[in-house]
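Colleague: Take this structure first; my questions come after.
The values are calculated or read from the model by the stated rules, or taken from the named source; none is laboratory data. Source: prediction; values computed, not measured. Neighbour counts are summed over all protein chains in view; Cβ atoms, including those assigned to glycine, are modelled from backbone coordinates with ideal geometry. These accessible areas exclude ligands, DNA and RNA; they are computed on the full protein's heavy atoms, side chains included. Shrake-Rupley method; radii C 1.70, N 1.55, O 1.52, S 1.80 Å.
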There are 4 protein chains.
Amino acid sequence: MPKHPIEQRSAFRYFTPIQVRWGDLDPFNHVNNVLYYRYFELAIVTFLVHEAGLDLAGSSPVVSFAAESHCVFNKAIDLSGFGPQGVMIDGAVRVDRLGSSSVTWGLALFRQGEEDAAAQGSWTHVFVNRQTSRPTPIPDDLRAAMARYTA
Amino acid sequence: MPKHPIEQRSAFRYFTPIQVRWGDLDPFNHVNNVLYYRYFELAIVTFLVHEAGLDLAGSSPVVSFAAESHCVFNKAIDLSGFGPQGVMIDGAVRVDRLGSSSVTWGLALFRQGEEDAAAQGSWTHVFVNRQTSRPTPIPDDLRAAMARYTA
Amino acid sequence: MPKHPIEQRSAFRYFTPIQVRWGDLDPFNHVNNVLYYRYFELAIVTFLVHEAGLDLAGSSPVVSFAAESHCVFNKAIDLSGFGPQGVMIDGAVRVDRLGSSSVTWGLALFRQGEEDAAAQGSWTHVFVNRQTSRPTPIPDDLRAAMARYTA
Amino acid sequence: MPKHPIEQRSAFRYFTPIQVRWGDLDPFNHVNNVLYYRYFELAIVTFLVHEAGLDLAGSSPVVSFAAESHCVFNKAIDLSGFGPQGVMIDGAVRVDRLGSSSVTWGLALFRQGEEDAAAQGSWTHVFVNRQTSRPTPIPDDLRAAMARYTA
């Protein structure tokens, strides 16, 4: 099994808060591991829509299709630390590889007050034309936003 | 079809923020209607854990089982108004009926800046012993917290 | 709390098998109550697409929007009775009210080998034009399929 | 980006049917990519519970925690081919690495009638003591079941 050094907060500059839900827990009383990808997705979509201005749920001519994803689970996330908004964690996003029509995101989830990532992973998106589903070059403004978050 | 007057914010005193996720959307580009119950659940759990001090995901001797739930859908929730945390809505909770071992919650979901509920409903919980699953009287401190939010 | 007599299999003529997933369970080791609406939805969609020929996920001019839903939880569903396909339950669908542009479904979930419903409920759909989201009369062939399953 | 040859059915001997749900679709009208992990999980759990006899949702002294997972998305899964049970796909499972307390599963999802995997991936589970969450050797009968499905 390849070793993965545990990601630190200092390796990221873009963070988005993620609200954990009771319904994310499984019989082991932890957030179910599948949900980590839901959290990654939420962090990426927040980056794309809010930081990069992509109207993903509306009428952007270009949308992102997943090509590959990966997650390493370091530590369980559960409902400890429950506050007025429930449990919030931080989703961290950076750009690890920026191709002409694809991007590979570097991702991590941090529990509040912790420097070590509870989970870390990657996700490759291919940008496609919304009508034809064919790969298309990443539009300039989107590319510029991504370029600001390369390592 | 019975008419339901649309619930207003002024009919509630307990609100909890709920984060909408991209993954909550369905092919109609709206939050899927099943998810409204997930949001109701999140609002109730936040009330129980944070406001009423019930250690639901831990070791509380008493837990809540759903007996009945209901939702009226007034207006779609989607990703419009996307901000730095994505789309946040407000989950509103009150106590419509407080029995010896059961509670019926009055619930509503409000889009930000709106007075009319996007959805409204009710949920009846029976409190049971965690080990035996048998109905049990609502503990005094939990009951006191609920009593503060009766209409 | 109004009493609901427990629904029986004999009150239904349309059934669709539903596969329970590990990921449907919550910390109480039961199917989470929100998922019951997911199962209802699956049963209705199977009726609409397979029995009534509506191309819901494709290009049908008419689609269904939820107006109201309701569920009574009689008995927990869990992973007992796990077989080669995991746990299968039966989703039962009938038409309780057929309006000009809306339908109220009568619904129930049965564990295999049981006559009493584990859960029962209703769901009102309004049919709308896919482009405008405005209510539209139920198309004749769809209406005919529904009419075969009125009580 | 490393190339992944597309997995074929002939590379697997254990298959479990998986029912696609309307609620699995996202605004692109495809099964949302996060759900592929839900399907992998369902296939693994069916293997563990039905083929290997592990009482995962009950009282087995040993349970499985995810350490790492990975998926390559070759082709979209949608509602085409909708039959009386909706859309069924095949989840394929094999054992790619069997350690003393961990296993790495080889996984793939096949649309019906297709030889090429719509998606393929891997998942590493560590077996832990249910009470202490500490890694524990895989019990002999569980190991024997896994050993039957090594490549």
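Colleague: Say whether the condition of being under 15 Å from the mean Cα position of the chain (by Cα), open to solvent by less than 40 Å² (accessible area, probe 1.4 Å) and closer than 30 Å to residue D:40 by Cβ is met by at least one residue in the stretch C:111-119.
Modeller: Within the stretch C:111-119 (the criterion being under 15 Å from the mean Cα position of the chain (by Cα), open to solvent by less than 40 Å² (accessible area, probe 1.4 Å) and closer than 30 Å to residue D:40 by Cβ), the answer is yes, since at least one residue qualifies.
Colleague: Further question on the same structure: Hey, residue C:118 hits all of (1) within 21 Å of residue B:28 (Cβ to Cβ); (2) of a type outside the set (Lys, Arg); (3) without any contact (Cβ under 8 Å) to a residue 60 or more places away in the chain but one; which does it fall short on?
Modeller: Failed condition: (1).
Colleague: Let me ask another. Would you pick out the residues in the stretch B:37-50 that are surrounded by 19 or more Cβ atoms within 10 Å (Cβ to Cβ) and of a type outside the set (Asp, Glu)?
Modeller: The answer is B:37, B:38, B:39, B:40, B:42, B:43, B:44, B:45, B:46, B:47, B:48, B:49.
Colleague: So which of A:124, A:104, A:136, A:132 is among the hydroxyl-bearing types (Ser, Thr, Tyr), on the phi < 0 side of the Ramachandran plot and surrounded by fewer than 17 Cβ atoms within 10 Å (Cβ to Cβ)?
Modeller: A:132
Colleague: Looking at (1) away from chain B (no Cβ under 13 Å); (2) under 13 Å from the mean Cα position of the chain (by Cα); (3) more than 24 Å from residue B:39 (Cβ to Cβ), which is the one condition that is false for residue C:86?
Modeller: If we test residue C:86 against (1) away from chain B (no Cβ under 13 Å); (2) under 13 Å from the mean Cα position of the chain (by Cα); (3) more than 24 Å from residue B:39 (Cβ to Cβ), just (2) comes out false.
Colleague: Which members of the stretch B:67-85 meet the condition of being open to solvent by less than 40 Å² (accessible area, probe 1.4 Å) and hydrophobic (A, V, I, L, M, F, W, C)?
Modeller: B:67, B:71, B:72, B:73, B:76, B:77, B:79
Colleague: Can you report the number of residues in the stretch D:19-38 which are within 7 Å of another protein chain (Cβ to nearest Cβ), under 14 Å from residue C:20 (Cα atoms) and within 15 Å of the chain's Cα centre (by Cα)?
Modeller: The qualifying residues number 2.
Colleague: Identify all residues within the stretch B:101-151 that are farther than 16 Å from residue B:61 by Cα and among the basic types (Lys, Arg); write none if there are none.
Modeller: Hits for the stretch B:101-151 are B:111, B:148.
Colleague: Answer yes or no: is there a residue in the stretch B:29-47 that is out of contact with any Pro (no Cβ under 9 Å at 6 or more places or on another chain) and farther than 27 Å from residue A:39 by Cα.
Modeller: no
Colleague: If you check residue B:9 against the conditions, is it surrounded by 15 or more Cβ atoms within 10 Å (Cβ to Cβ) and at the interface with another protein chain (Cβ under 9 Å from one of its Cβ atoms)?
Modeller: Spelling it out, it is not the case that residue B:9 is surrounded by 15 or more Cβ atoms within 10 Å (Cβ to Cβ) and at the interface with another protein chain (Cβ under 9 Å from one of its Cβ atoms).
Colleague: Go through the stretch D:51-66 and give me each residue that's within 12 Å of chain A (Cβ to nearest Cβ) and surrounded by 19 or more Cβ atoms within 10 Å (Cβ to Cβ).
Modeller: Answer for the stretch D:51-66, where residues must be within 12 Å of chain A (Cβ to nearest Cβ) and surrounded by 19 or more Cβ atoms within 10 Å (Cβ to Cβ): D:56, D:57, D:63, D:64, D:66.
Colleague: Taking residue C:80 as meeting all but one of (1) without any contact (Cβ under 8 Å) to a residue 24 or more places away in the chain; (2) within 12 Å of chain B (Cβ to nearest Cβ), write down the number of the exception.
Modeller: Residue C:80 satisfies every listed condition except (2).
Colleague: Could you please find all residues in the stretch C:113-147 being under 18 Å from residue C:9 (Cβ atoms) and of a type outside the set (Asp, Glu)?
Modeller: C:113, C:117, C:118, C:119, C:120, C:121, C:122
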